[in-house]
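Reviewing the structure listed below.
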Amino acid sequence: MRRIAVLDDYQSAAAEFTDWSRLPEPAEVVEFHDSVSDPDALVARLAPFDVVVAMRERTRFSREVLERLPNLRLLVTTGMRNKSIDVEAAAERGITVCGTGSGATATVELTWALILAAVRHLPQEDASMRAGGWQTTIGGDLAGGTLGVIGLGRLGSQVARIGVAFGMDVVAWSQNLTDERAADVGARRVAKDELFATADVVTIHLLLSKRTRGLIGADDLALMKHSAVLVNTSRGPIVDEAALIDVLRRGTIAGAGLDVYDSEPLPRDHPLRELRRAVLTPHLGYVTRGTYELFYGEAVEDVAAFLAGAPIRVITPS
């Protein structure tokens, strides 16, 4: 009998969105509701399994880990990109890595939820109301303000268009952005320094890579207006976390809306948890019913196709 591990099911949600009865042969499915980062502990947990379903980049499958899992034959990741999997090492060991489709709107919607929450101080006002208070903050305005979008890919473009609908002047920057591409979504291409100096909201929509790790540092944050907010729903390490904590503590920017962090889950004693200027969500960008239905549903399809010898969505070394 096949043994299938479903990893990092933080909310015990996988069972609601999967139907393993579609597999062509009997299987034992074990869902794990916590995250294991220690390589030895991870190997001990997964040693009996020949199929693993990984949720996004919550668990790292390094060469060291893959070489110590001789029974593993199929590794399914939700989405078609996962920087936490050494795909080359998997291929060398005959481990098939495949992925699923991914939604195109959930993270965009959360981005705007964070923008609105940060600009209008919604967490503070909610807490005040529950404590008996009334009108304790003065919010900012979006209409007539400037939205700075870092990265105009699939998600950044949607965020930019919504900014236009809010009546904002939308400016954008990324390392390879052209004037034409920016104009396509109603934005203007500007230099990085100009974006940080003029934007009322800076929102990040880049893939994490060697080129983008630490891309936004103390010098960039120092250019921001005192009334501006920074929103990050991409990946934590794109921003120098220590520098961001510093400007939030000193109040040199108005606030931040963060869904992603250098270390996830965010440690209980992390300093960001103490900063009232930061609106924090626990990497919820893709955590919606529609996305989970897509992720887990196609994960079952991938496993079923693999067991039946049918074509699957294979991820190959780049």
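The values are calculated or read from the model by the stated rules, or taken from the named source; none is laboratory data. It should be emphasised that the depicted structure is a prediction, and the values quoted were computed from it without experimental measurement. Ideal geometry is used to build each Cβ from the backbone, glycine not excepted, and the neighbour counts take in all protein chains shown.
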| request: Output the strands (runs of 3 or more DSSP E) that fall wholly within segment 26-134 and possess 2 or more residues being buried (at least 19 other Cβ atoms within 10 Å of the Cβ) and in contact with a strand residue (DSSP E or B) (Cβ under 7 Å, 6 or more places away or on another chain), or say none. | output: 51-54, 74-77, 96-99
| For segment 135-182, what are the residues that are of a type in the set (Asp, Glu) and either over 13 Å from Ile115 (Cβ atoms) or touching a Gly at 6+ places or on another chain (Cβ under 9 Å) (or both)? | Asp169, Asp179, Glu180
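Take Arg81 and decide whether it is modelled with pLDDT of 95 or more and of a type in the set (D, E, K, R). Spell out the reasoning first.
On the way: modelled with pLDDT of 95 or more: no; of a type in the set (D, E, K, R): yes.
When the stated conditions are applied, Arg81 does not pass them.
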| note | Selection over segment 261-303 where residues are under 20 Å from Ala117 (Cα atoms) and of a type in the set (Gly, Ala, Ser) yields a count of 2
| Residue list for segment 188-210, filter: modelled with pLDDT of 95 or more, farther than 22 Å from Ala106 by Cβ and outside any helix (DSSP H, G or I) | Arg188, Arg189, Val190, Ala191, Ala199, Asp200
| Does Asp262 meet the test of being in contact with an Asp or Glu (Cβ under 6 Å, 6 or more places away or on another chain), in the same structural domain as Leu207 (by TED's automatic domain parsing) and without any contact (Cβ under 8 Å) to a residue 40 or more places away in the chain? | yes
| query | Is there a residue in segment 166-183 that is at pLDDT 95 or above and in contact with an Asp or Glu (Cβ under 6 Å, 6 or more places away or on another chain)? | reply | no
